[in-house]
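Below is one structure, written out as structure tokens; comments come after it.
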């Protein structure tokens with residue numbers, strides 16, 4: 001399959017995104033060291049944006065931060081546009 005590596009990569013990044021959201025929420029409740037916000041955005045930009053968004057919703061984490069509630073969906077939209085260009089060779 002032509003795109004199998006890309007699919008495996010994206011699934012891995014998104015599972016990682018959900019997991020990091022879960023871990024950070026757990027640490028927040030325990031008042032422990034937290035993951036930097038820049039780490040979440042870097043992971044989102046590297047393909048884990050859907051996982052980050054799902055983690056936000058599932059764990060109700062970072063949902064009051066405008067940078068996340070607006071930024072992560074914007075990253076997803078930009079990634080969909082890029083995927084559209086790549087798949088349709090525009």
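The values are calculated or read from the model by the stated rules, or taken from the named source; none is laboratory data. None of these values were measured; they are calculated from a predicted model. Reconstructed Cβ throughout: ideal geometry from the backbone, glycine too, with neighbour counts over all protein chains shown.
When residue 35 is tested against (1) without any contact (Cβ under 8 Å) to a residue 12 or more places away in the chain; (2) outside any helix (DSSP H, G or I); (3) within 16 Å of residue 65 (Cα to Cα), exactly one condition is not met: (1).
None of 10, 16, 50 is within 13 Å of the chain's Cα centre (by Cα), modelled with pLDDT under 95 and assigned to a helix (DSSP H, G or I) except 10. Within the range 17-53, the set of residues being in contact with a helix residue (DSSP H, G or I) (Cβ under 7 Å, 6 or more places away or on another chain), more than 17 Å from residue 74 (Cβ to Cβ) and surrounded by 17 or more Cβ atoms within 10 Å (Cβ to Cβ) comprises 18, 20, 21, 25. In the range 54-68, the qualifying residues are those that are more than 12 Å from the chain's Cα centre (by Cα) and assigned to a helix (DSSP H, G or I), and the one that is surrounded by the fewest Cβ atoms within 10 Å (Cβ to Cβ) is 66.
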